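Input: a single structure, listed below in structure tokens.
Every number here is computed from the coordinates shown, using simple stated rules; none is lab data. All figures in this text were calculated on a predicted structure; none of them were measured in a lab. Quick reminder, even Gly has a Cβ in these numbers, built from the backbone with ideal geometry, and neighbours come from all protein chains shown.
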Amino acid sequence: MQGEPGIQTVKNSKASVQKNSRFVSFMNELKRSKHYYLLMSPYMIIFFLFTVIPVVFSFALSFFYFNMLEFPRFVGWQNYSRLFLNDDIFMIALKNTLMFAVITGPVSYIACFVFAWIINELSPKVRAFMTLVFYAPSISGNVYFIWLIIFSGDSYGYLNGFLMKAGFILEPIQWLLNEGYILWIVMIVQLWLSLGTSFLAFIAGLQTIDKSLIEAGAMDGIKNRWQELWYITLPSMRPQLMFGAVMQITTAFAVADISIALAGFPSVNYAAHTIVTHLMDFGTIRFELGYASAIATFLFMLMVGTNKLTQKMLRKIGE
């Protein structure tokens, strides 16, 4: 019994020594790499001020009632209970967003890689031209105008005109006013726009693969391009695959502009309503900022959880 205080004192002293050693090593690293941290500081300051602080503030505000006119009033979990138990429109938005993410997320991710893989096999000049062709839709300013003409609800719309001339329909279909079509149209447009940053990242990743690995793989028993893809190409591109997954997940869950441009705000019977458009409704129109913060916090957690799951799946590539 008398030895226990001594043992505890030794443990405490060891813990303090470890903390001091970690602090000393941290300070030594800071001094050794001070130039790098100095160059990073402008970005880190901006990132902290305009990303970290707003996220923390939004999470804290989600526990308050705040309408920009009255002083914030603490309501606890009331905003979250209202979100999941009393807000029927949010449940429609959640269903649409999950459906959108499950379909367009994986399809666009795979499409980005497949097109990048095929284009990478072309000659340098053709590869540069095809990269521009596939990337151009994601930076086009009038892209929604084109699709509005295609899905116009009169006989002058391209799709209606084609179907009427081919004899499939007798009168024009109101594509963007029919709740059975709206969400699928938004998905089609999103897939067309999806060859963006992830596509360029995959092209860059394929360009950096060490050719000697392919030669060594052929000597070790890799017999075809599919085995080369699974055991060499994909494991060598893990950083680009991770980056592409983050970008596609963010795009899939944060869809709003396409829905508003094509289906209006709000869409017919909320057929194209998403979590982000629901957030915009309460945050920028109704000014219920506490409730909007609860929506934003839920969306943030949903994105983080999906991202963690995707990263766990990508780590198994090549095993």
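Being without any contact (Cβ under 8 Å) to a residue 24 or more places away in the chain and farther than 20 Å from P54 by Cα is the filter; apply it to the range 265-285 and report the residue that is surrounded by the most Cβ atoms within 10 Å (Cβ to Cβ). So, considering only residues that are without any contact (Cβ under 8 Å) to a residue 24 or more places away in the chain and farther than 20 Å from P54 by Cα, the one surrounded by the most Cβ atoms within 10 Å (Cβ to Cβ) is P266. In the range 209-224, the condition of being closer than 27 Å to V126 by Cβ and in contact (Cβ under 8 Å) with a residue 40 or more places away in the chain is met by no residue.
Listed by position, the helices (runs of 4 or more DSSP H) enclosed by the range 131-235 that each have at least 1 residues that are in contact with a helix residue (DSSP H, G or I) (Cβ under 7 Å, 6 or more places away or on another chain) and acidic (D, E) are 225-228.
Specify which of the listed residues (M187, M237) is buried (at least 17 other Cβ atoms within 10 Å of the Cβ), within 30 Å of Y156 (Cα to Cα) and in contact (Cβ under 8 Å) with a residue 24 or more places away in the chain. Step through it out loud before you land on a result.
Numbers: M237 fails: within 30 Å of Y156 (Cα to Cα).
M187 is the lone residue from the list that is buried (at least 17 other Cβ atoms within 10 Å of the Cβ), within 30 Å of Y156 (Cα to Cα) and in contact (Cβ under 8 Å) with a residue 24 or more places away in the chain.
Taking the criterion of being in a loop (DSSP other than H, G, I, E, B) and either touching a Leu at 6+ places or on another chain (Cβ under 8 Å) or in contact (Cβ under 8 Å) with a residue 12 or more places away in the chain (or both), no residue of the range 104-130 qualifies. Restricting the range 138-180 to residues that are over 16 Å from S259 (Cβ atoms) and of a type in the set (D, E) leaves a set whose member that is farthest from the chain's Cα centre (by Cα) is E171. Scanning the range 262-301 for residues that are more than 24 Å from G76 (Cα to Cα), more than 20 Å from the chain's Cα centre (by Cα) and assigned to a helix (DSSP H, G or I) gives L262, A263, V268, N269, Y270. Just a yes or no: is a residue in the range 138-146 closer than 28 Å to Y270 by Cα, surrounded by fewer than 11 Cβ atoms within 10 Å (Cβ to Cβ) and polar (S, T, N, Q)? Scanning the range 138-146 turns up at least one residue that is closer than 28 Å to Y270 by Cα, surrounded by fewer than 11 Cβ atoms within 10 Å (Cβ to Cβ) and polar (S, T, N, Q).
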